[in-house]
Amino acid sequence: QVQLVESGGGLVQPGGSLRLSCAASGSISSIYNMGWYRQGQGKQRELVAAITSGNIRNYADSVKGRFTISRGNTKNTVYVQMNSLKPEDTAVYYCNARIGSYYYWGQGTQVTVSS
């Protein structure tokens with residue numbers, strides 16, 4: 001059984017920063033791509049940032065220059081550093097990972113950007 005556990009969400013003022021973490025555990029064979037998605041209220045889930053096992057990064061246009069995705073040394077963790085946060089970044093953020101032949105999702109962590 002594979003689990004993805006996210007942490008680091010919360011309430012932050014506009015212009016502030018947060019760092020989200022996601023750790024994969026369980027029967028892990030090969031972890032390929034990992035990434036972060038978000039879903040705002042009444043909106044579809046969208047890709048925020050992704051990183052391959054070779055550290056190739058991909059970002060949504062709306063977060064380029066503000067968010068940075070990285071993987072931990074053990075390769076079963078993924079982080080996203082979010083700077084210059086805006087109210088429109090408010091959403092539930094989900095970790096996603098391709099492990100072996102399957103894709104897995106975390107339970108989500110709420111990020112609220114508000115004054």
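What to note about this one:
- Summed over segment 87-104, residues that are assigned to a loop (DSSP other than H, G, I, E, B) and surrounded by 13 or more Cβ atoms within 10 Å (Cβ to Cβ) total 2.
- Residues that are in contact with a Cys (Cβ under 9 Å, 6 or more places away or on another chain) and under 12 Å from residue 91 (Cα atoms) were ranked within segment 1-40; the one that is least open to solvent (accessible area, probe 1.4 Å) is 36.
- For segment 105-113, the condition of being part of a strand (DSSP E or B), closer than 12 Å to residue 35 by Cα and either in contact with a strand residue (DSSP E or B) (Cβ under 9 Å, 6 or more places away or on another chain) or open to solvent by less than 60 Å² (accessible area, probe 1.4 Å) (or both) holds for at least one residue.
- Residue within segment 41-62 that is farther than 17 Å from residue 109 by Cβ, open to solvent by 20 Å² or more (accessible area, probe 1.4 Å), in contact (Cβ under 8 Å) with a residue 60 or more places away in the chain and not in a strand (DSSP E or B) present: no
- Members of segment 63-76 that are assigned to a loop (DSSP other than H, G, I, E, B) and either farther than 19 Å from residue 104 by Cα or of a type in the set (Val, Ile, Thr) (or both): 64, 65, 66, 73, 74
- Qualifying residue in segment 77-86 (condition: over 20 Å from residue 105 (Cβ atoms), among the charged types (D, E, K, R), open to solvent by 30 Å² or more (accessible area, probe 1.4 Å) and out of contact with any strand residue (DSSP E or B) (no Cβ under 8 Å at 6 or more places or on another chain)): no
- Qualifying residues in segment 63-76 (those that are open to solvent by less than 50 Å² (accessible area, probe 1.4 Å) and at pLDDT 95 or above) - the one farthest from residue 19 (Cα to Cα): 63
The values are calculated or read from the model by the stated rules, or taken from the named source; none is laboratory data. Keep in mind it's a predicted model, so treat the numbers as computed, not measured. Reconstructed Cβ throughout: ideal geometry from the backbone, glycine too, with neighbour counts over all protein chains shown. Heads up: the accessible areas ignore ligands, DNA and RNA and are worked out on the full protein's heavy atoms, side chains in. Shrake-Rupley method; radii C 1.70, N 1.55, O 1.52, S 1.80 Å.
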